[in-house]
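A quick write-up on the structure given underneath.
The values are calculated or read from the model by the stated rules, or taken from the named source; none is laboratory data. Values in this document were obtained by computation on a predicted structure and should not be read as measured data. Every residue, glycine among them, receives a Cβ derived from its backbone with ideal geometry; neighbour counts consider all protein chains shown. To get the accessible areas, we keep the full protein, side chains included, count just its heavy atoms, and leave off ligands, DNA and RNA. Shrake-Rupley method; radii C 1.70, N 1.55, O 1.52, S 1.80 Å.
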Amino acid sequence: MEDKLIIRGIEFQSRLWVGTGKYKDFDETARAIEASGADMVTVAVRRVNITDRNSPNLLDYLDPKKYKILPNTAGCYTVEDALRYSRLAREAGVSDLIKLEVIADEKTLFPDVIGLLQATEILAKEGFVVFPYTNDDPVMCRRLEDAGAAAVMPLGAPIGSGLGLRNPYNIKIILEHSKVPVIVDAGVGTASDATIAMELGCDAVLINTAIAGAQDPIAMAAAMKHATIAGRLAFRAGRIGKKLYATASSPLDGMLL
């Protein structure tokens with residue numbers, strides 16, 4: 001079945017997007033990304049050296065013909081910082097795409113949704129393709145869409161928690177009302193979490209810690225690849241309805257008594 005993910009004219013072969021933090025070195029990062037089958041890779045502008053070409057650089061390990069680079073503003077606690085690092089990534093020639101994060105506090109790492117909305121509107125007007133990371137709030141997702149977001153990225157659970165989708169019902173409401181792609185970001189802990197997100201109808205999942213923090217990151221990356229594919233296929237196939245009582249799997253009509 002033809003089932004391509006296209007956002008603002010950009011075509012993606014995989015619905016699994018991956019982060020690049022927390023790996024032991026660039027080589028392991030590259031091998032995990034390869035195993036994941038992802039073609040969208042997000043890189044923290046503040047935490048990874050992507051602008052100084054004279055120093056060790058993650059981008060040296062990523063083939064630009066094979067991967068789309070999604071700079072992100074992880075670690076930014078103000079609108080001003082998020083705008084500055086977004087513009088820095090574009091000026092360095094990395095990308096017009098931006099995964100926008102404006103964090104509210106250090107303990108929970110929950111988004112500052114007011115600042116996020118402000119930054120989304122500004123960057124969208126500047127021509128950025130904005131992917132805002134937000135709470136699983138259907139109202140805020142709608143407002144981010146109205147502000148010019150190319151997609152919305154509600155969290156499944158707090159960043160790095162591995163708790164899976166804590167509120168799938170909110171995600172379903174977001175999906176019902178959204179006119180832009182919905183990409184679950186944060187909280188995935190294992191392959192089944194990715195499958196659940198895709199079975200709900202999400203357009204993609206973005207995963208970092210669950211892969212990089214696994215005992216075998218390369219194997220987990222492959223598991224996430226297959227889980228995402230399986231979840232998407234199941235969503236498109238259409239699951240059976242849930243029933244309280246059993247239903248015979250073999251029809252009784254025509255059976256010899």
| task | Could you look through the stretch 1-18, keep only residues that are under 17 Å from V130 (Cα atoms) and not in a strand (DSSP E or B), and pick out the one that is most open to solvent (accessible area, probe 1.4 Å)? | result | R8
| task | Could you tell me whether A230 is in contact with a Ser or Thr (Cβ under 6 Å, 6 or more places away or on another chain) and modelled with pLDDT of 95 or more? | result | yes
| message | Given the options Y85, Y77, name the one that is touching a residue at least 12 places away in the same chain (Cβ under 8 Å) and open to solvent by 60 Å² or more (accessible area, probe 1.4 Å). | response | Y77
| query | Could we say that A124 is farther than 22 Å from P154 by Cβ and small (G, A, S) here? | reply | no
| Close pairs from the stretch 144-158: first surrounded by fewer than 24 Cβ atoms within 10 Å (Cβ to Cβ), partner of a type in the set (K, R) and not in a loop (DSSP other than H, G, I, E, B), Cβ under 9 Å, at least 6 apart | G148/K125
| Of the residues that sit in the stretch 116-139 and are among the aliphatic types (A, V, I, L, M) and under 17 Å from the mean Cα position of the chain (by Cα), which one is most open to solvent (accessible area, probe 1.4 Å)? | V129
| remark: When the stretch 5-38 is checked residue by residue, the ones that are in contact with a helix residue (DSSP H, G or I) (Cβ under 7 Å, 6 or more places away or on another chain) and without any contact (Cβ under 8 Å) to a residue 24 or more places away in the chain are none
| said: For a quick check of your reading: which helices (runs of 4 or more DSSP H) sit entirely within the stretch 65-171 and have at least 1 residues that are in contact with a His (Cβ under 9 Å, 6 or more places away or on another chain) and within 24 Å of F12 (Cα to Cα)? | reply: 138-146
| query | Can you find a residue in the stretch 157-167 that is among the small types (G, A, S) and more than 21 Å from T42 (Cα to Cα)? | reply | no
| field | Scope the stretch 104-115; condition open to solvent by less than 60 Å² (accessible area, probe 1.4 Å), modelled with pLDDT of 95 or more and either of a type in the set (V, I, T) or in contact with a Lys or Arg (Cβ under 6 Å, 6 or more places away or on another chain) (or both); matching residues | value | V113
